[in-house]
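Notes to accompany the following structure.
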Amino acid sequence: MFWNLPLVAVVALVIIALAIIVFKKNLIKVFLGIVILESAVNLFLITLGYREGGIAPIYTNAPPASMVLPTPQALTLTSIVIGVATSALLLSFAIIIWKKYGSIDIDRIRRLKE
Amino acid sequence: MIPFLLTFLLALLLYLLLTAGSGNLLLWSPQELVAGVVLSLLAAAVAKNFLCRSHNFRMANPLRLILIPLYLLGPFLLEVTLANLDVAYRVITGKIRPGIIRVQSGLKTDLGIFMLANSITLTPGTITVDIDEESHDLYVHNINVPAGWEAETGVIDRELFSLADIPAWIRRIAE
Amino acid sequence: MRRGLVIVIFVVLAAGLSTIPAFFTFGEPAESGMDRYFIEHGQAQAAANNIVTSVVFDYRGFDTLGESVILFTAVIGVGLMFRSMRGGEEHEDE
Amino acid sequence: MIEPWYAAVFVLVILVCLALARLFLGPTAADRAVAVDTVNTLSVAVLILLGVAYQQIIFIDVAIVYAVLSFVSTLYIAKYLGGEL
Amino acid sequence: MIPAFIVENSPALMVIVPLVAAFLSPFIGRISSMVRSIWVGGAMAVTSTIALILALDVYSAGTRLYVFGASAASAAVPPDSGGIPIRIIFEIDQMSALMLVITAISGFAIILYSLSSERSHTGLESFYTLYLLMITGILGMVSTGDIFNFFVFLEILSLASAGLIAYRVDGGVAVEAALKYFVLSTIGALAILVAIGIYYGQYNALNMAMIAARMQFSVLDQVALVLIIAALAMKCGAVPMHFWTPDAYSMAPSSITALLVVASQASLYGLFRTVFTLYNVTLNAATVGWLIIILGVLSMVVGVTMAIPQKNVKRLMAYHAVSQTGYMLLGVGVGLAVLGNQSLLDAFGYMAMEGGIFHIINHAMYKGLLFLTAGAIFLRVGTYNLNRMGGLGHSMKWTMVFFVIGALAIAGIPPFNGFASKLMIYESVFVFNPLLAVIAMVVSILTLASFVKVFHSIFMGPALPEYSGVREAPMPMLVGMGILAVVVILFGLFPGIVVESLITPAAHALVDQGAYIGAVLGGA
Amino acid sequence: MSKIVRTGANLLYPFILIFGLYVIMHGHLTPGGGFQGGAVVATAVALVIVAYSFEEVTAMIKKVGMKARESIGLLLFIGAGIAALAIGAPFFSNFLANSGLLFGQVVPSGPNPGDLNTAGVIPIMNLAVGIEVWGGLAVILLYMLSGITKEGS
Amino acid sequence: MMEMAIHSLVIAGLIASALMVFYFRDLLAATLAAGFFSFLISVEFYILQAPDVAISQAAIGAGLTTAIFIIAIRATARYEGEHP
Amino acid sequence: MDATSTLLTGAGYWNPLAWLLGLLAAIIIAWLIYSMGEKGYKPGTAQAEPFISGNKEPEKGMVHVRAGNLYWGYLEALRGYYDRLVPLHSGNLHDYILWYLGITALFLVLVVIIS
Amino acid sequence: MIADILVLACLSIGILFNTLGIVGLLRFPDVYTRMHATTKMTTFGSMFTALAVIIFGGAQFISTGDSQYVTLSTHTIIAALALAFTNAVGSHAIARGAHRSGLKPAPAVVDRLEEWAP
């Protein structure tokens, strides 16, 4: 009925993100692709833990019902932090490369070869 | 010391508002009160130089603080509603006559000009675009400049508002 | 040539990844032994109402330590990038 | 008393998708910033309404965080546009 | 002799000590450089000691478990959970212990070296912080028994490595190398995360033993296997994905390059752990085994042929690192290809795996030694370009001796350790497929040839006038190199002991999936 | 930025701060926790950074202080684990839960509104992570800004 | 039913904004689209009953990641390739 | 398991004692050759200077064979191979990522289809 | 019952204003006029939806006496206040940034700021 729509979306997002990473020549664009890739993987993890009609795994005064699985949420939290750390380090690399090379075009960042 | 206390009290107020309903006794449970005091002290220690940057303690007067909600619920809400109806009318019909005009305000304090600017932004078809830092004159983008204003170099602030005298309220609160 | 290869790679990757929606069903986890344990015992063992927090900080607390360390690493790394160099550091020659 | 919340959320989500059009079309970066700012506002409304619809009171916290934090990113964009960063 | 408390909690202490030292070192480094050196050196010494104690304990008493946050450190499965391990478990078997030994020895030797080699640079407190974090990452990666935890440590390792590769910011080239390394490793890590998600979604488990016990090798598992193998093979520098290796290895400071070798061994360990422990006989052993063998052969050939025309000494050595990784992949791949067949495994499979695993430890030692000598030469001469060097044998005698030891070891000349492992690989691979053994021997000869070239152009010849003021490398660097050289010689002279006491248990632990699962789940 | 934004940032700063601390402190009862609350608090710092020019910011917010915060948070976090080690339990064991001491109140099972004084070491760890993230994210922003100004001059 | 429609719309928005990141040549616009993406994925987490993750994503993706990307764009160049 | 245990690999044989003896023999031979050297050699005198048939002595740097000149013939013989291999290391990040993705795709095809 | 009607009324007002705001965003000619539509109307609309929730929470609290509805109302109030506050400042900042980046109000009868030119 729902055709696994979120999972299909995950696959589509991964492919789009990989396309951004591979086809775009600007470093910042590539990093945006990596951010999207990370988000897609996070979405995949969360989707795995979702249960139809479940509520958030927090005990409150709300009427009791079956809860969604908590572990993927914990994993995703870790993954998000890793994502922000990664993008911070990558962006600082990009800034330094701009300073030293005068360009952040991937085709020009190739002093190291052979 | 006074900035510290003021920040502490305001932070505690917000914390209590956030945790309202946590206990049956007076809406707050004792642990929450203790935690609130501790955290507010922490926040105040960090932020004491920010809330009262200009070392102007006029706002420490509780009467002025009580005036703020009155102002928000009274004239401000009225003006906001009118402004929204006005803009809705312009959205539907598309009749606009935009322009940036200069508004003269006699307000001296930072808080006063801040409140005036935000009130102007949220209310009568106007958005504060820039501010002259010395004379506290506002440059306001008006979606429908009334006829004749484009020639004036400076418009007095209360002419922007149709019904309530918002600048007077702000003066009462902040100065 | 190269473009064709890239497209082939993308098609194969898409096909490989689309096994995920083909074999998982959204909304019905296939197996939930570990998570049932968390939901049933988490409130009593970790004494926290938020099961996610009890998973993050109690059952998988070591991961959280690793996560914090990653943030720390990133900060140190960024600081290393923007450090102020005193005079001439050595230069690699090509 | 559940259905109206969902209906409202539905309309708001459609509005968000319309704002996406302005993000796509907007000739200048400022237009796009305005679109994103609008979406922030709408998202807060969506989050509040969904929280009520799910009968999960604690979800409202997310909306507050959202309201405060999107503001900061808006300010960064504005500061960049103004050339002051 | 050793307090029971330390032995009991050594898996945790092994991670705690470098972490605490790393957290404090940005501030302790501000006091004075002397205090900083003592602090980081002491922390590394303590870490190495704890890791060695743990490894000793594992070799004498069998697999160790450490359950974080449980009521008792060995209570892997709570009684009321129905046989499901729910917490993060460190599971250290003999293979992990071998990696711990490698990390402990190299880490200690390299930090001694770096105390004097990096003295004149800025940002040293950050350097040492990242160094300690990298050690933590390696130690955690090789000892964890939880697959998500493995991912977390992998990320710690790659962030710290990327920061350190870019340490010499001013030229900009180092940052380029770090960028390439880090982008690739981020994408690889995300692929691993997808694979973890697939395991979780199918089996609702994150513990490796639990996943292994439930493994069915469905289509999804095949996809996950491919994602993990490709990512980890990329991270250890197998050939069609090795392109980051020469860049990163040649641009990092020499001490870090030596540690990066160990880091890529940790990725290799992850690869073997995935293939042997998570899947074992369920996977299509011939296919995956041959894939790994082909990767290994390609790495050997392409690595060594690319190394010969190089003019930058560290780049040359980096290509050799790629080539030597091929030997390990080849050896273990042969073991994997005959995994299901017990008689073949006994005939030559174990021998091939032992050769591959022995090569891991040997390679870490001699390649670390070679990179350290390269760093010492750079410190005195100021260039890596082979065309500009010559006649250094007159002034840097000890460095020359160490270089010769390393070069002979990597080329597989008898009295050194490289020969022992290569001999084991040749013998067993010859039984499996003679062509592969021949290729391996040819590669070994080419290796020798290229190191003859390096030796000739750096040390031989008359003393050049522009290097007349060159002196011997400072003492701590010589000590650091000396430790590794002694290990190289000892392993070369007494390979029987090493193989019997260290390598054979590791190879059997790698193959024996049932014991790994049984240690966690009980029974099996 | 203009005076209006600066005044707004000044006004908002303590409130975002206390809200972030609220999110940190209620991590075991409501969604949120150390990381999220720390990010909120760091956003308050980011707000100040964006409202003032870089020179004013460097006078107001010190990098060393933020780094110290980060290290202190991490040490507190790992210290909570080591404390468990010291009393004989494995590393990271939640030794305060259900003990009746600080944060040691027993939780009734099933739906209940929750009580602040529960969850053992979890609130302490939350606080530690919050402090760490506060310092960490703020210092990343400061470093990257310093990268800009060097390039501009 | 209504939930499903909301869910589908959010997913459509996600994919559309990801495509926009691909399309824009102005990096500032691309960053804005990525910010939009972050908002939407946060809403998606919220719909999937993961408020912890939603807060996290809102704070990091919408707030700080956008901020550091804009700082990086300021420190490098605004347009991809040559200036239009 | 004593220190002199022999590593047997099926066909090979490695005894450290044997190797130590070999090393010892090598050292003795080297010492013998060294001791058979010219007794009348005195460093510092004219006999230590190079004599190249009366030609002028070239500078020291010129005598040394540089690394780039070694193995010229080998590289020349394998020119076709190197001309294909070296351009693969293009220094372009996109190529590297594509290699990684391509290998992943190849493995996917191989593993999933064969199994 | 009366609460239900109030809630529905507030919701529909909020939705109406939000819709008009988006229409204005799509329809108006330049940045500043678009900003008029979005800033005022979406803020106002979102405030009204928040008001609906507040009324709902209050009504539930009165009828059930459950203190969690107080939490609902207070948190919603805080969210709404934060929204109003941040939106005003944020749109001012965008307007200022747009003007400083050289974007003129396209169909303008007068532009005093251009003459001042700081």
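The values are calculated or read from the model by the stated rules, or taken from the named source; none is laboratory data. Keep in mind that what you see is a predicted model, and the values were worked out from it rather than measured. Every residue, glycine among them, receives a Cβ derived from its backbone with ideal geometry; neighbour counts consider all protein chains shown.
Among the listed residues E:438, E:452, E:404, E:443, which satisfies the condition of being more than 25 Å from residue E:333 (Cα to Cα) and more than 13 Å from chain H (Cβ to nearest Cβ)? Working first, answer last.
Details: E:438 fails: more than 25 Å from residue E:333 (Cα to Cα); E:452 fails: more than 13 Å from chain H (Cβ to nearest Cβ); E:443 fails: more than 25 Å from residue E:333 (Cα to Cα).
None of the others qualify; the one that does is E:404.
Of all residues in segment D:1-47, which are at the interface with chain I (Cβ under 9 Å from one of its Cβ atoms), polar (S, T, N, Q) and crowded, with 19+ Cβ neighbours inside 10 Å?
Passing the criteria: D:38, D:40, D:41.
Hey, which of the helices (runs of 4 or more DSSP H) in segment E:238-342, taking only ones fully inside, have at least 3 residues that are modelled with pLDDT under 90 and closer than 27 Å to residue H:112 by Cβ?
On the way: elements: E:244-251, E:254-272, E:285-307, E:313-337.
Here the list reads E:254-272, E:285-307, E:313-337.
On the given criteria, is residue E:400 closer than 23 Å to residue E:514 by Cα and of a type in the set (A, V, I, L, M)? Spell out the reasoning first.
Details: closer than 23 Å to residue E:514 by Cα: no; of a type in the set (A, V, I, L, M): yes.
When the stated conditions are applied, residue E:400 does not pass them.
Would you mind listing the helices (runs of 4 or more DSSP H) fully within segment F:1-64 where at least 3 residues are within 14 Å of the chain's Cα centre (by Cα) and more than 8 Å from every other protein chain (Cβ to nearest Cβ)?
It comes to F:34-51.
Give just the number: which of (1) assigned to a helix (DSSP H, G or I); (2) out of contact with any Phe, Trp or Tyr (no Cβ under 8 Å at 6 or more places or on another chain); (3) of a type in the set (S, T, N, Q) does residue E:122 not satisfy?
(1)
Quick one: would you say residue G:41 is within 11 Å of chain F (Cβ to nearest Cβ) and either at pLDDT 85 or above or under 20 Å from residue D:81 (Cβ atoms) (or both)?
no
With respect to residue A:97, is the statement that it is more than 30 Å from residue C:19 (Cα to Cα) and in a helix (DSSP H, G or I) true?
Here the answer is yes, as residue A:97 does meet what is asked.
Report whether or not residue E:178 is more than 7 Å from every other protein chain (Cβ to nearest Cβ), assigned to a helix (DSSP H, G or I) and in contact with a helix residue (DSSP H, G or I) (Cβ under 7 Å, 6 or more places away or on another chain).
Considered against the rule, which asks whether it is more than 7 Å from every other protein chain (Cβ to nearest Cβ), assigned to a helix (DSSP H, G or I) and in contact with a helix residue (DSSP H, G or I) (Cβ under 7 Å, 6 or more places away or on another chain), residue E:178 comes out as no.
What single numbered condition from (1) facing another protein chain (nearest Cβ under 7 Å); (2) crowded, with 17+ Cβ neighbours inside 10 Å fails to hold for residue C:42?
It is condition (1) that residue C:42 fails.
So is residue E:40 of a type in the set (A, V, I, L, M), more than 8 Å from every other protein chain (Cβ to nearest Cβ) and surrounded by 24 or more Cβ atoms within 10 Å (Cβ to Cβ) or not?
So residue E:40 passes the test.
Report yes if some residue within segment I:15-33 is in a helix (DSSP H, G or I) and under 23 Å from residue F:12 (Cβ atoms); otherwise report no.
Checked against the condition, which is being in a helix (DSSP H, G or I) and under 23 Å from residue F:12 (Cβ atoms), segment I:15-33 yields no hits at all.
With the checklist (1) in a helix (DSSP H, G or I); (2) within 8 Å of chain I (Cβ to nearest Cβ) in hand, flag the one item residue D:84 doesn't pass.
Condition (1) is where residue D:84 drops out.
If you scan segment B:92-126, which residues turn out to be assigned to a helix (DSSP H, G or I), crowded, with 23+ Cβ neighbours inside 10 Å and of a type in the set (Val, Ile, Thr)?
Across segment B:92-126, the qualifying residues are B:113, B:120, B:121.
Give the residue, chosen from I:79, I:59, I:50, that is more than 8 Å from chain D (Cβ to nearest Cβ), in a helix (DSSP H, G or I) and under 25 Å from residue D:55 (Cα atoms).
Answer to the selection: I:59.
Could you tell me whether segment E:48-55 includes any residue that is of a type outside the set (A, V, I, L, M) and within 25 Å of residue E:363 (Cα to Cα)?
Looking only at segment E:48-55, we keep the residues that are of a type outside the set (A, V, I, L, M), and these are E:48-49.
This time we only want the ones that are within 25 Å of residue E:363 (Cα to Cα), so: E:48-49.
The answer is yes, given that some residue of segment E:48-55 is of a type outside the set (A, V, I, L, M) and within 25 Å of residue E:363 (Cα to Cα).
This table checks each residue for (1) at the interface with chain E (Cβ under 9 Å from one of its Cβ atoms); (2) of a type in the set (Val, Ile, Thr); (3) assigned to a helix (DSSP H, G or I).
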{"position": "A:19", "(1), (2), (3)": "no, no, yes"}
{"position": "A:41", "(1), (2), (3)": "yes, yes, yes"}
{"position": "A:84", "(1), (2), (3)": "no, yes, yes"}
{"position": "A:91", "(1), (2), (3)": "no, no, yes"}
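Read through the list (1) more than 14 Å from chain I (Cβ to nearest Cβ); (2) at pLDDT 80 or above; (3) surrounded by 15 or more Cβ atoms within 10 Å (Cβ to Cβ), then give the number of the only condition that residue B:38 fails.
With respect to (1) more than 14 Å from chain I (Cβ to nearest Cβ); (2) at pLDDT 80 or above; (3) surrounded by 15 or more Cβ atoms within 10 Å (Cβ to Cβ), residue B:38 is out only on (3).
Regarding residue E:71, is this residue outside any helix (DSSP H, G or I) and within 14 Å of chain F (Cβ to nearest Cβ)?
Spelling it out, residue E:71 is indeed outside any helix (DSSP H, G or I) and within 14 Å of chain F (Cβ to nearest Cβ).
Residue D:50: among the hydrophobic types (A, V, I, L, M, F, W, C), within 7 Å of chain I (Cβ to nearest Cβ) and either within 30 Å of residue F:52 (Cα to Cα) or assigned to a helix (DSSP H, G or I) (or both), yes or no?
Judged against the criteria, residue D:50 is not a match.
Quick one: what pairs do we get from segment E:27-51, first residue under 11 Å from residue E:115 (Cβ atoms), second surrounded by fewer than 16 Cβ atoms within 10 Å (Cβ to Cβ), C-beta under 8 Å, 6+ apart or different chains?
Matching pairs, first to second residue: E:33/E:119.
So residue E:428 ticks every box in (1) within 14 Å of chain H (Cβ to nearest Cβ); (2) surrounded by fewer than 24 Cβ atoms within 10 Å (Cβ to Cβ); (3) farther than 23 Å from residue E:472 by Cβ but one. Which box is left unticked?
Unmet for residue E:428, out of (1) within 14 Å of chain H (Cβ to nearest Cβ); (2) surrounded by fewer than 24 Cβ atoms within 10 Å (Cβ to Cβ); (3) farther than 23 Å from residue E:472 by Cβ: (2).
Please report, ordered by residue number, the helices (runs of 4 or more DSSP H) entirely within segment H:62-115 with at least 1 residues that are within 10 Å of chain A (Cβ to nearest Cβ).
Qualifying helices (runs of 4 or more DSSP H): H:79-85, H:93-114.
If the requirement is being within 12 Å of chain H (Cβ to nearest Cβ) and either buried (at least 16 other Cβ atoms within 10 Å of the Cβ) or more than 30 Å from residue E:37 (Cβ to Cβ) (or both), which of these qualifies: E:497, E:483?
Just one listed residue meets the conditions, E:497.
For residues in segment F:104-129 being more than 8 Å from chain C (Cβ to nearest Cβ) and crowded, with 22+ Cβ neighbours inside 10 Å, which is nearest to residue B:32 (Cα to Cα)?
Looking at residues that are more than 8 Å from chain C (Cβ to nearest Cβ) and crowded, with 22+ Cβ neighbours inside 10 Å, I get F:116.
Might you let me know whether segment E:293-312 holds any residue that is over 21 Å from the mean Cα position of the chain (by Cα) and more than 30 Å from residue E:378 (Cα to Cα)?
No - not one qualifying residue is present in segment E:293-312.
Please go through segment E:22-37 and pick out each residue that is surrounded by fewer than 22 Cβ atoms within 10 Å (Cβ to Cβ), in a helix (DSSP H, G or I) and out of contact with any Leu (no Cβ under 8 Å at 6 or more places or on another chain).
Result: E:27, E:28, E:34, E:35.
Which residue pairs have Cβ atoms under 7 Å apart, sit 6 or more places apart or on different chains, and have a first residue in segment E:383-397 that is at the interface with another protein chain (Cβ under 8 Å from one of its Cβ atoms) and a second that is surrounded by fewer than 18 Cβ atoms within 10 Å (Cβ to Cβ) and in a helix (DSSP H, G or I)?
What qualifies is E:387/H:68.
Looking at residue A:74, is it crowded, with 24+ Cβ neighbours inside 10 Å, part of a helix (DSSP H, G or I) and either at the interface with chain C (Cβ under 7 Å from one of its Cβ atoms) or touching an Asp or Glu at 6+ places or on another chain (Cβ under 6 Å) (or both)?
Yes, satisfied.
In segment E:198-226, what residues are more than 7 Å from chain C (Cβ to nearest Cβ), of a type in the set (Phe, Trp, Tyr) and in a helix (DSSP H, G or I)?
E:199, E:200
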